[in-house]
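Following: one structure in structure tokens, then a few remarks.
The values are calculated or read from the model by the stated rules, or taken from the named source; none is laboratory data. No experiment lies behind these values; they were computed from the predicted model shown. Ideal geometry is used to build each Cβ from the backbone, glycine not excepted, and the neighbour counts take in all protein chains shown. Heavy atoms of the whole protein, side chains included, go into the accessibility calculation; ligands, DNA and RNA do not. Shrake-Rupley method; radii C 1.70, N 1.55, O 1.52, S 1.80 Å.
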Amino acid sequence: MAPRAPRAPRRYDPDRRTRIIDAAIRVVGRAGIAGLSHRTVAAEADVPLGSTTYHFASLDELLVAALRRAGEGFAAAVRDSGALTGPGADLAAELARLMGRWLGGERTGVELEYELYLAALRRPALRPVAAEWTDDLVATLSAGTDPATARALAALMDGICLQVLLTDTAYDEEYAAEMLGRLLA
């Protein structure tokens, strides 16, 4: 039997878990959820396969982490916009503008967020995270209106975004502002 090569010392890598999550997001963005495996993520993150299974025992755990990361965007954009706190701000117009900016940016990122969000339909482990995403947006919107209206606004914005993404139609900011305004009236 040939002698074994000495083991390399373990590398201290505190960002490895984050890199694995980011790699999972890139894999899903490129190949969809069907293309996600511990092996594809390990290759994308340039880490050993065992690292992905160490940090995430199942693909659902990895998808939960990816959904949490992906869902941070829009509610934070609304929160940071000042639309909810500005004196005399037109909330409907500001939300429509933010949706336009979000949909007009990197389309792959928006599609990825919705793919992960909708994966909760078939993967029960993702449902609490999808609910957190919605609840975060509703809580943010509640700073500018009552909670029931905030939930309706979130549902309408989701519907408009899904229609734009699924039908490849152009986003109509004027229409969105009018519909959002009707909810707020």
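Right, V27: open to solvent by less than 50 Å² (accessible area, probe 1.4 Å), under 19 Å from the mean Cα position of the chain (by Cα) and more than 20 Å from D136 (Cβ to Cβ) or not?
Numbers: open to solvent by less than 50 Å² (accessible area, probe 1.4 Å): yes; under 19 Å from the mean Cα position of the chain (by Cα): yes; more than 20 Å from D136 (Cβ to Cβ): yes.
Yes: the conditions hold for V27.
Can you pull out the residues in the range 48-85 that are over 22 Å from the mean Cα position of the chain (by Cα) and either buried (at least 18 other Cβ atoms within 10 Å of the Cβ) or without any contact (Cβ under 8 Å) to a residue 40 or more places away in the chain (or both)?
Applying the first criterion (over 22 Å from the mean Cα position of the chain (by Cα)) to the range 48-85 yields 48-51, 53-54, 85.
Passing the criteria: P48, L49, G50, S51, T53, Y54.
Residues in the range 86-135 that are in contact (Cβ under 8 Å) with a residue 12 or more places away in the chain, open to solvent by 20 Å² or more (accessible area, probe 1.4 Å) and touching a Lys or Arg at 6+ places or on another chain (Cβ under 9 Å): T108, E132, W133, T134.
Of A24, A31, all but one fail to be of a type outside the set (D, E, K, R) and touching a Phe, Trp or Tyr at 6+ places or on another chain (Cβ under 9 Å); the exception is A24. Among the residues of the range 36-47, is any under 25 Å from E132 (Cα atoms), touching a residue at least 60 places away in the same chain (Cβ under 8 Å) and surrounded by fewer than 20 Cβ atoms within 10 Å (Cβ to Cβ)? Within the range 36-47, none of the residues are under 25 Å from E132 (Cα atoms), touching a residue at least 60 places away in the same chain (Cβ under 8 Å) and surrounded by fewer than 20 Cβ atoms within 10 Å (Cβ to Cβ). Might you let me know whether the range 126-145 holds any residue that is within 30 Å of I33 (Cα to Cα), within 14 Å of the chain's Cα centre (by Cα), not in a helix (DSSP H, G or I) and not aromatic (F, W, Y)? Scanning the range 126-145, I find no residue that is within 30 Å of I33 (Cα to Cα), within 14 Å of the chain's Cα centre (by Cα), not in a helix (DSSP H, G or I) and not aromatic (F, W, Y), so the answer is no. Of the residues in the range 172-184, none is within 28 Å of A66 (Cβ to Cβ) and either part of a loop (DSSP other than H, G, I, E, B) or free of Cβ contacts under 8 Å to residues at least 60 places away in the same chain (or both).
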